[in-house]
Amino acid sequence: MLQAHGRKGQAALGALLLTFALGAMSAEPSAAPTIERHAPVRLLGNTYYVGTRDISAILIASDEGHVLIDAGVADAAPLIAENIQKLGFNLDDVRTIVVSHAHHDHVGGVAELQRMTGATVVASKSAARALRQGRGGEDDPQFARKDAFAAIEHVGAISDGETLQVGLVAITGHATPGHTPGGMSWSWYSCEKLRCANFVYADSLTTDAAEGFRFSDSTRYRRAVADFRWSFYIVRNLRCDILLTPHPEASNLWGRIAQRDAGKQDALFDSNACRTYSNAAQRAFNDRLEQEKNISGE
Ligand SMILES: [Zn+2]
């Protein structure tokens, strides 16, 4: 009895030590956020880059309210807010947040930015469902491996081709599914003095997928191939003077900005940029379909 009690006591002490050790571990300073900070950049007229260096967030400003496109990872929200304020704008005036696709690296900061600004969040119907759940649906090619994100309570949905009027900003959503079933690209028009541009924020068109996922014959996302082909066509044919993308390097944004800073005034402009982006994505997609012939499905 005594012995049994002793064992119990040892076990209790062991548990206590373990608890203590775990407590000590969790008391370690948490890892620093991994975002790459970047100062805000005026792209043209009322259109600004306010994201981190590696993940885009775009502000389109007007005297009667602003639109924010995408919000980066969760840790990026304070930087995006700071960048908006550095430009001299009030967070309260961000009235609408729209998103490209519901993956944590682009929408992780939306819940926090919605809290800070009071903005309405708008996405495609499928992305809106994902935003409310805090993760993509099973039809998301990356479903099995993508991190969840903070769920968002009030999300509105818009249809393909619909234009949102936010203050003096008119921004149109174009359904560009494939990378996710709810992917959306956005277009708007901005001017600075006499120079004007059709901006396109073209969603990711890459074929990242969880292991075992095959676009060619997925039973979870049956429209994957047709969706991608649709999106290549749409992006290729958008009126597009300045292309922006959720990952800035996918459209060489920093390279173009460096050229502009070096004096090439029109370095951001390329009316073939959407076509080039779409064609490259289509080639990569076709390669992927070829490779899938050698990958066994789920
Ligand atoms: Zn993604």
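The values are calculated or read from the model by the stated rules, or taken from the named source; none is laboratory data. Just so it is clear, the structure is predicted and the values come from calculations on it, not from any experiment. Counting neighbours? That spans all protein chains shown, and the Cβs are built from the backbone with ideal geometry, glycine included.
Here residue 128 clears all of (1) within 24 Å of residue 225 (Cα to Cα); (2) in contact with an Asp or Glu (Cβ under 8 Å, 6 or more places away or on another chain); (3) more than 14 Å from the ligand (Cβ to nearest atom) except the condition numbered (2). Only residues that are in contact with a helix residue (DSSP H, G or I) (Cβ under 8 Å, 6 or more places away or on another chain) and buried (at least 17 other Cβ atoms within 10 Å of the Cβ) were counted across the stretch 140-156, and they come to 7. From the list 121, 99, 67, the lone residue that is at pLDDT 95 or above and within 14 Å of the ligand (Cβ to nearest atom) is 99.
Looking across the stretch 201-217 at every residue that is crowded, with 20+ Cβ neighbours inside 10 Å and closer than 18 Å to residue 147 by Cα, the one that is farthest from the ligand (Cβ to nearest atom) is identified as 213. When the stretch 182-198 is filtered for residues that are in a loop (DSSP other than H, G, I, E, B) and farther than 20 Å from residue 97 by Cβ, the ones remaining, listed by number, are 193, 194.
For (1) hydrophobic (A, V, I, L, M, F, W, C); (2) within 16 Å of the ligand (Cβ to nearest atom); (3) under 18 Å from the mean Cα position of the chain (by Cα), each residue gets a yes or a no:
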{"position": "63", "(1), (2), (3)": "no, no, no"}
{"position": "78", "(1), (2), (3)": "no, no, yes"}
{"position": "94", "(1), (2), (3)": "yes, no, yes"}
{"position": "103", "(1), (2), (3)": "no, yes, yes"}
{"position": "107", "(1), (2), (3)": "yes, yes, yes"}
{"position": "137", "(1), (2), (3)": "no, yes, yes"}
{"position": "164", "(1), (2), (3)": "yes, no, no"}
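Suppose we filter 173, 178 for residues that are in contact (Cβ under 8 Å) with a residue 12 or more places away in the chain, assigned to a strand (DSSP E or B) and either within 16 Å of the ligand (Cβ to nearest atom) or farther than 23 Å from residue 79 by Cβ (or both); which single one remains? The conditions single out 173. With respect to the stated conditions, residue 144 fails to be touching a Phe, Trp or Tyr at 6+ places or on another chain (Cβ under 8 Å) and either away from the ligand (no atom under 16 Å from the Cβ) or on the phi > 0 side of the Ramachandran plot (or both).
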